[in-house]
Each structure stands twice: as C-alpha cells, then as structure tokens.
Amino acid sequence: MVRLCGHCCAQRAVLRRPKTAEQLCRECFYAALEEEVHQTIVGARLFRPGERVAVAASGGKDSTVLAHMLTTLNARYNYGLDLFLLSIDEGISGYRDDSLETVKRNEETYKIPLHVFSYKDLYGWTMDEIVREIGTRSNCTFCGVFRRQALDRGAALVKADKIATGHNADDVAETVLLNIIRGDVPRLGRCANIVTGEDSPLPRVKPFKYTYEKEIVMYAYFKKLDYFSTECIYAPYAARGFAREFVKDLEAARPRAIVDLIRSAEQFRVPGLDGVGNAAAAAALPQPGNCERCGYISSQAGSACLWEIIPS
Ligand code: SF4
C-alpha cells in the first residue's frame, strides 16, 4: 500500500523525518526544512539587509547545504545579503585538497564568489607539518584554533560583516556534552548561543542550530547536492568522536534528546557572565586578552594562544 505524504496528502511519502517522525514527500520535506531554517534566521535576527556574509565552506554536507539554502532563502525572502564562500585550506593531503575541488564546483553552481586562505600562507605551517612535529594527540586542538583565526582573518581581508557556519544541532549538542565532561562551565554557558564570536573580530551565526544532521544528509541526498563526504585523516584522534557516538545513541533512544540538550544549555546561567552573578565569581573567570606572539585574541591576557607549543 502506498503511503501518502502527511502534509500535502497528494504525493507518495518517501521519507520519515528523524526530528518529527512525519512521513513526507520530497517537496514537503524541502519546504519544511527550509521554512524551519528561515524561521531560525528571522527569529534570532541573524542577518541585516546589505550585510556581506561569508559562508564558511569546507565542501562537506553541512556547508554545502548551508550555501544552497542561504542562496535559496536570500532570493526567496529578499534578505538582501551579499553572500560569498570562504574556505580554509589546512594543508591536509588527501582530504582538504580534494574537498576544495568540491567547493570550487559549488562556486559555479551557486554563482557566489569563493575566497580561499591557507594555513601555510597565514602561519607558515600546514597541518601535515604540524602533525609531523607534535603527533596526533592534540592535532585537532591546534587545527580548531588555527581554523577559527584563519576564518576571522580571511573574512576580515575580504571585508565580511559576518560568518555563517554549518554547525548543526548535533554539533551543538556534542559541544554541550563535551563542556559538561570537561567541567568547562564558562563555555557551557555560551556554547549553545546562536551568535558567537563577540570576543573576536567578526560575529559567527549558526542558521542550522536546530537542524538535525540526518535531515541535512537527507536534504543533500534528495537534492543531489555535490558535497565531499570523506572524513579528515586525523579525525579518529578527535575526542569529539566519542561525544558524537553518545549523541547518536541518545537520538536513537529519544529523537528529541538533541534539541533538549541544546535547550538545557540555553537555560544554563553562569554567575558573572550573564549579569546575574556576583563580582567574585566574575573575577574568577579568565579574561580574554591578546596573544603575545601573534597579537590575535587569546583566552587570557598575556598568554600566547597556541604558538608557544610550535617550535619557531
Ligand atoms: Fe582539523 Fe581535526 Fe578537523 Fe582534521 S579532524 S580538519 S585535524 S580539527
């Protein structure tokens, strides 16, 4: 027996939404997901007309769907955004060189310009060289900090007002869990913010904050989007992988668990960071400063971000 779409009741249902369990046809699924992202954007006032928005593009599913959806919504709802793709080449052979080819094809597909900045040009090191120097134990810590800086610097060079990232609901839920596991209370208080980076040169926004990873994959699959799906060769060493597995298990048992983790973190209040705490608690928290070597923002005044660990 053919099951009809639970929304239009006319077309054949081809999927069951992981987030809501609704049985939908393709067109109703596209419309539902796009509308949810649009509501997230307007509800949180992520953009203002005329802004130059850098779409952080890795060539992976999240950033490819983000580029597709932002160009679609920008045209449909007249956001008035000047969109472009911004890619960072970490210098990881057999991974980033291939994924950048996908981003270059997306530049053609979406007709928005692409700007690429590399670790080698910005820092004088590729990730392959860093891993050869320090091994694979902390490689993602380095890479994460360098990428964040590289995106900021690249976006500033091409005069962006804002960076849009493809972080999805699963990513945010994993970050919430990681901060609980590490006992990192200040980060726990802000990791679920939809706008971050107020302490760095450019704000970052997450239009997919409430969008489930499985639905992004379905959207990309049914729309036949061109994305790169190979994992980074250093990914197995990332601690985040364990949190990811745990979030997937939670989702299998209870699909709402992902959004509930995010909602829990949104309710979290850190004394001193949200104006409701006491002065002593606020004073105990690290105050951001500038790195002594590169001048970029660091977690504490007078510290040297990660440069001190890499030999000159
Ligand atoms: Fe960088 Fe680690 Fe991600 Fe690879 S898995 S791109 S090394 S952060």
> Can you list the helices (runs of 4 or more DSSP H) found entirely within the stretch 200-311 that contain at least 1 residues being farther than 25 Å from N139 by Cα and modelled with pLDDT of 80 or more?
Replying inline: 213-222, 240-253, 257-267
>> Can you pull out every residue in the stretch 48-91 that is crowded, with 20+ Cβ neighbours inside 10 Å, away from the ligand (no atom under 16 Å from the Cβ) and part of a loop (DSSP other than H, G, I, E, B)?
In response: Y79, L81
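Can you spot a residue in the stretch 49-58 that is within 20 Å of the chain's Cα centre (by Cα) and modelled with pLDDT under 95?
Of the residues in the stretch 49-58, the ones within 20 Å of the chain's Cα centre (by Cα) are 51-58.
Restricting the remaining residues to those that are modelled with pLDDT under 95 gives 58.
The answer is yes; a qualifying residue exists.
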>> Restricting to the stretch 117-138, and then to whatever is surrounded by 16 or more Cβ atoms within 10 Å (Cβ to Cβ) and within 24 Å of L83 (Cβ to Cβ), can you tell me which residue is modelled with the lowest pLDDT?
In response: L122
> Which members of the stretch 107-145 meet the condition of being out of contact with any His (no Cβ under 8 Å at 6 or more places or on another chain), in contact (Cβ under 8 Å) with a residue 40 or more places away in the chain, closer than 30 Å to M69 by Cα and aromatic (F, W, Y)?
Replying inline: F117
> Would it be correct to say that Q23 is within 29 Å of A253 (Cβ to Cβ) and touching a Lys or Arg at 6+ places or on another chain (Cβ under 7 Å)?
Replying inline: yes
> When you scan the stretch 146-178, how many residues do you find that are in contact with a Gly (Cβ under 9 Å, 6 or more places away or on another chain), touching a residue at least 60 places away in the same chain (Cβ under 8 Å) and within 15 Å of the ligand (Cβ to nearest atom)?
Replying inline: 1
> Does the stretch 92-106 hold any residues that are surrounded by fewer than 18 Cβ atoms within 10 Å (Cβ to Cβ) and either in contact with a Leu (Cβ under 8 Å, 6 or more places away or on another chain) or in a loop (DSSP other than H, G, I, E, B) (or both), and which are they?
Replying inline: S93, G94, K104
>> Any residue at all in the stretch 22-30 that's at pLDDT 95 or above, under 22 Å from the mean Cα position of the chain (by Cα) and assigned to a helix (DSSP H, G or I)?
In response: yes
>> I want to confirm something. Restricting to the stretch 176-208 and keeping residues that are buried (at least 22 other Cβ atoms within 10 Å of the Cβ) and under 11 Å from the mean Cα position of the chain (by Cα), which single residue is nearest to D260 (Cα to Cα)?
In response: F208
> Mind checking which pairs have a first residue in the stretch 81-106 that is within 25 Å of I41 (Cα to Cα) and touching a residue at least 40 places away in the same chain (Cβ under 8 Å) and a second that is within 13 Å of the ligand (Cβ to nearest atom) and of a type in the set (G, A, S), Cβ under 7 Å, 6 or more apart or different chains?
Replying inline: L86/A56; I88/A150; V103/G59; V103/S87
> So which residues in the stretch 92-136 are under 17 Å from A57 (Cβ atoms), in contact with an Asp or Glu (Cβ under 7 Å, 6 or more places away or on another chain) and within 11 Å of the ligand (Cβ to nearest atom)?
Replying inline: I92, R96, Y119
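The values are calculated or read from the model by the stated rules, or taken from the named source; none is laboratory data. Note that the coordinates shown come from a computational prediction; the quantities given were computed from them, not determined experimentally. Note that we place each Cβ from the backbone using ideal geometry, even for glycine, and neighbour counts take in every protein chain shown.
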